[in-house]
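Read the structure below first, then the notes.
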């Protein structure tokens with residue numbers, strides 16, 4: 001059962017080949033047998049999952065099933081889940097039982113989906129390797145000496161090892177696309193504002209966006225259809241119609257104009273990764289797509305601008321963790337200031353503290369214009385680069401990451417080298433565009449991802465372009481040997 | 001970036017940091033600020049800052065109560081409460 005996609009599982013449930021309870025038990029057993037090594041889940045919510053599955057089986061029997069009814073999912077531990085621990089990968093929230101559901105969780109519940117558990121992640125989504133989690137690093141199912149990427153590393157590893165058919169993630173600077181690339185999954189980061197951020201623990205509010213890890217673009221279309229839409233509870237969510245994302249999957253890509261930004265194929269790109277991207281481009285050429293070289297001239301400013309905007313917003317957002325209303329509180333505080341400082345100092349890990357420090361500095365009196373405002377202006381230039389490019393092309397393609405997965409521990413002592421592993425994904429967040437990563441080959445048995453970027457709210461186009469590639473290639477169907 | 005800068009920023013952020021970690025903060029923050037220095041290679045005098053990717057404006061709503069009072073529910077997860085109030089160390093003598 002675990003090699004099936006969401007679409008195939010839905011068909012199996014509908015035909016009575018298996019029940020949701022059987023399916024859910026199967027995944028829970030797989031998690032018990034395999035997750036010890038991978039550490040992809042922080043919480044396995046088996047009781048809730050089985051109750052939801054039982055309910056789903058009744059709904060199916062009554063002929064009232066929707067597309068996701070009875071399908072098990074893993075949810076990133078950044079989404080608040082009513083009555084279930086929501087840690088965000090942090091000691092700060094190790095004791096936090098969320099008192100309400102995030103809108104994303106509510107959408108899955110309303111669709112009759114089953115929640116297997118909450119997945120491991122970099123602390124407060126700050127990291128690119130899933131090594132900053134309070135709950136320990138997640139391992140890459142393709143080779144456990146390697147990182148799965150981050151920050152949604154647990155969501156990626158869980159699906160790569162088929163410990164869930166699909167999962168949710170969040171992407172602030174590449175946190176869905178980068179782990180999807182490193183774990184051989186289809187990762188979708190929708191346009192900023194497409195999916196509600198309500199109940200999704202905030203890191204950088206002007207960049208954060210929820211999305212999906214799936215085996216196929218078709219599955220991503222099914223999930224996005226449930227997740228997308230206006231939410232009155234999120235003032236930045238956008239009132240755009242939600243199309244049927246599956247309706248356009250089968251359109252051919254003949255005549256599709258694809259831009260290849262020269263800045264994304266420059267120094268720093270691994271030679272073998274570049275070859276796999278070339279192979280993917282050739283497949284698309286066979287399907288009739290046309291390629292042109294384009295330029296996104298302000299690309300080199302995206303990492304610098306990001307490392308002001310994200311820490312500045314993080315320092316502001318994380319000021320709510322003060323040891324007073326919920327979360328970690330230090331022992332025996334001697335006064336209020338001691339309570340704040342020690343609760344935060346003891347509750348947050350190193351990378352989170354580093355980013356709070358950078359952000360507090362950038363926002364401190366006298367520095368706002370030089371840093372945050374300057375970075376917001378750079379964002380405009382980066383967004384303008386994309387707007388210009390989309391006047392000539394339908395989509396943009398590039399590698400998702402400059403290299404395949406790196407080893408656990410390899411970049412731990414050097415935050416800046418870690419930051420540059422997101423060099424091809426960050427600009428998309430700064431501009432707020434939708435982006436995907438699609439499996440396109442292997443280097444030494446480690447996966448490589450092709451990034452596809454589309455104009456605002458053109459998720460249907462993205463999914464269509466990815467789906468067409470998956471009709472003529474089988475990279476996305478490959479599973480690590482020990483998890484087959 | 002010096003020791004006293006780190007101490008001042010940590011104080012602003014109400015973040016307790018260990019004395020022994022200060023040299024590492026000095027190095028890391030210095031490096032990160034050097035990295036973002038690249039922003040100054042372009043002139044942005046005439047550029048409008050981007051606050052929302054699609055330049056959406058704040059949605060307004062009627063000023064009506066839509067949330068129910070769930071104080072007890074929310075206070076169940078608080079470190080320390082008494083009579084519906086959050087407790088902190090004494091602030092005023």
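The values are calculated or read from the model by the stated rules, or taken from the named source; none is laboratory data. Quantities reported herein were computed from a predicted structural model and do not represent experimental measurements. Every residue, glycine as well, gets a Cβ built from its backbone with ideal geometry; the counts of neighbours run over all protein chains shown.
Working only within the stretch A:309-341, note down all residues that are under 22 Å from residue A:78 (Cβ atoms), more than 7 Å from chain B (Cβ to nearest Cβ) and in a loop (DSSP other than H, G, I, E, B).
The answer is A:321, A:322, A:327, A:328.
Among the residues of the stretch B:52-62, is any more than 24 Å from the chain's Cα centre (by Cα), at pLDDT 95 or above, surrounded by 13 or more Cβ atoms within 10 Å (Cβ to Cβ) and part of a loop (DSSP other than H, G, I, E, B)?
No: the stretch B:52-62 contains no residue that is more than 24 Å from the chain's Cα centre (by Cα), at pLDDT 95 or above, surrounded by 13 or more Cβ atoms within 10 Å (Cβ to Cβ) and part of a loop (DSSP other than H, G, I, E, B).
What number goes with the only condition from (1) in contact with a helix residue (DSSP H, G or I) (Cβ under 8 Å, 6 or more places away or on another chain); (2) without any contact (Cβ under 8 Å) to a residue 40 or more places away in the chain that residue A:230 does not pass?
Among (1) in contact with a helix residue (DSSP H, G or I) (Cβ under 8 Å, 6 or more places away or on another chain); (2) without any contact (Cβ under 8 Å) to a residue 40 or more places away in the chain, residue A:230 violates only (1).
Assess whether residue A:344 counts as being modelled with pLDDT of 95 or more, at negative phi, within 7 Å of chain B (Cβ to nearest Cβ) and not in a helix (DSSP H, G or I).
no
Kindly provide the set of residues from the stretch A:442-466 that are out of contact with any strand residue (DSSP E or B) (no Cβ under 9 Å at 6 or more places or on another chain), surrounded by fewer than 24 Cβ atoms within 10 Å (Cβ to Cβ) and within 30 Å of residue A:230 (Cα to Cα), ordered by number.
Within the stretch A:442-466, A:456, A:457, A:460 meet the criteria.
What number of residues in the stretch A:290-306 are facing chain B (nearest Cβ under 7 Å) and either touching a strand residue (DSSP E or B) at 6+ places or on another chain (Cβ under 6 Å) or assigned to a loop (DSSP other than H, G, I, E, B) (or both)?
0
So which residues in the stretch A:383-404 are within 22 Å of the chain's Cα centre (by Cα), within 14 Å of another protein chain (Cβ to nearest Cβ) and surrounded by fewer than 23 Cβ atoms within 10 Å (Cβ to Cβ)?
The one that is within 22 Å of the chain's Cα centre (by Cα), within 14 Å of another protein chain (Cβ to nearest Cβ) and surrounded by fewer than 23 Cβ atoms within 10 Å (Cβ to Cβ): A:383.
Taking residue A:417 as meeting all but one of (1) modelled with pLDDT of 95 or more; (2) under 25 Å from the mean Cα position of the chain (by Cα); (3) within 12 Å of chain B (Cβ to nearest Cβ); (4) surrounded by fewer than 19 Cβ atoms within 10 Å (Cβ to Cβ), write down the number of the exception.
Failing condition for residue A:417: (1).
Out of A:172, A:168, I need the residue that is in contact (Cβ under 8 Å) with a residue 12 or more places away in the chain, assigned to a loop (DSSP other than H, G, I, E, B) and surrounded by 21 or more Cβ atoms within 10 Å (Cβ to Cβ). Which one?
A:172
With the checklist (1) at the interface with chain A (Cβ under 9 Å from one of its Cβ atoms); (2) over 24 Å from the mean Cα position of the chain (by Cα); (3) modelled with pLDDT of 95 or more; (4) part of a loop (DSSP other than H, G, I, E, B) in hand, flag the one item residue B:43 doesn't pass.
Of (1) at the interface with chain A (Cβ under 9 Å from one of its Cβ atoms); (2) over 24 Å from the mean Cα position of the chain (by Cα); (3) modelled with pLDDT of 95 or more; (4) part of a loop (DSSP other than H, G, I, E, B), only one is false for residue B:43: (1).
Consider residue A:182 carefully, then state whether it is part of a loop (DSSP other than H, G, I, E, B), modelled with pLDDT of 95 or more and either within 14 Å of chain B (Cβ to nearest Cβ) or crowded, with 24+ Cβ neighbours inside 10 Å (or both).
Against the criterion (part of a loop (DSSP other than H, G, I, E, B), modelled with pLDDT of 95 or more and either within 14 Å of chain B (Cβ to nearest Cβ) or crowded, with 24+ Cβ neighbours inside 10 Å (or both)), residue A:182 does not qualify.
Taking the stretch A:85-116 as the search range and keeping residues that are touching a helix residue (DSSP H, G or I) at 6+ places or on another chain (Cβ under 7 Å) and not in a loop (DSSP other than H, G, I, E, B), which one is farthest from residue A:43 (Cα to Cα)?
This residue is A:107.
Can residue A:264 be described as surrounded by 18 or more Cβ atoms within 10 Å (Cβ to Cβ), outside any strand (DSSP E or B), in contact (Cβ under 8 Å) with a residue 12 or more places away in the chain and within 14 Å of another protein chain (Cβ to nearest Cβ)?
no
Just checking, how many residues over the stretch A:346-382 are surrounded by fewer than 19 Cβ atoms within 10 Å (Cβ to Cβ) and closer than 20 Å to residue A:135 by Cβ?
Matching residues across the stretch A:346-382 total 2.
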